[in-house]
Amino acid sequence: MAEFGPALMILLICFFFPLLDMLSMGMSYGLCMVLNYNQVHEASLLPMSDAVSASGVVRKGITDQWLAGMGHFVKVQGYPQTDISYRDGQTGPDKVTDRIVMVRTTIVCSPFLTIPLPVVNVPGLNGPMTFQITAERPMENPDNAP
C-alpha cells in the first residue's frame, strides 16, 4: 500500500500523459489531412487564378471553414500556410497533356498537454510539431492550369 501512490504517479507521468499527447497529435494529423484533401479537391476544379489567390476559396475559404469546424480539435499555432503548384502529367493518345495540381499545407500544432521536461524539447510532448502535408490531383479541365 505504501508504494501505490508513487507507482501511480510514475504511471501517470511517464506513460498516461505522453500517450495522451501522442494520441492527440495523431488525431491532429488526421484532421490536417482532411483540410489538405479538401483543398486539393477544390483546386482541381477551379481555374489557376482563383486557386492561388490569397483570399480565394482554396487558401482562405476552406481553411476558415475547417478552423471553425474540425480545426477546433487541433491546437493550431498561427494560420495554416497553403502552397499551390502545377505540373504536366501524361500525354494521351489524342495529344492532350494532363495537368496536375499539387497542394502543400503546413500547419504548426501544439500538444494537448504540455509535459514539462527540463532539458529537452520534444515535438509533440512539450513543444509544437509541424505537419507538412502534400497531395496531388489531376485537373478536371487542363485548360484551367497554366
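Some values worked out for this structure:
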quantity: Cα-centred dipole magnitude for region 14-146, charges only on beta-carbon of K, R (+1) and D, E (-1), debye, nearest 20; calculated: 320
quantity: Principal-axis tilt of helix 17-45 within the chain, Cα atoms, nearest 10 degrees; calculated: 10
quantity: Structure-derived volume of the Cα convex hull per residue in Å³ - corresponding label in [x] 137; [y] 97; [z] 128; calculated: [z]
quantity: Inter-probe distance in nm under a simple model that places probes 7 Å from Cα toward Cβ, at ALA54 and GLN132; calculated: 2.1
quantity: Backbone N within region 104-146 under 17 Å of label point (7 Å from LEU20 Cα along the Cβ vector); calculated: 110-117, 124-127
quantity: Value at 222 nm in deg cm²/dmol, rounded to 500, when DSSP H runs of n ≥ 4 in the chain each add -39,500 (n - 2.57); calculated: -10000 deg cm²/dmol
quantity: Cα-derived Rg to Rh of region 1-74, Kirkwood definition; calculated: 1.36
quantity: Interchain or long-range residues, amide H under 5 Å from GLY89's placed H; calculated: ASP98, ARG99, ILE100
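Values quoted throughout were computed directly from the atomic coordinates according to the rules given, and no laboratory measurement underlies them. Predicted model only: the values in this text are computed from it and were never measured. Note that we place each Cβ from the backbone using ideal geometry, even for glycine, and neighbour counts take in every protein chain shown.
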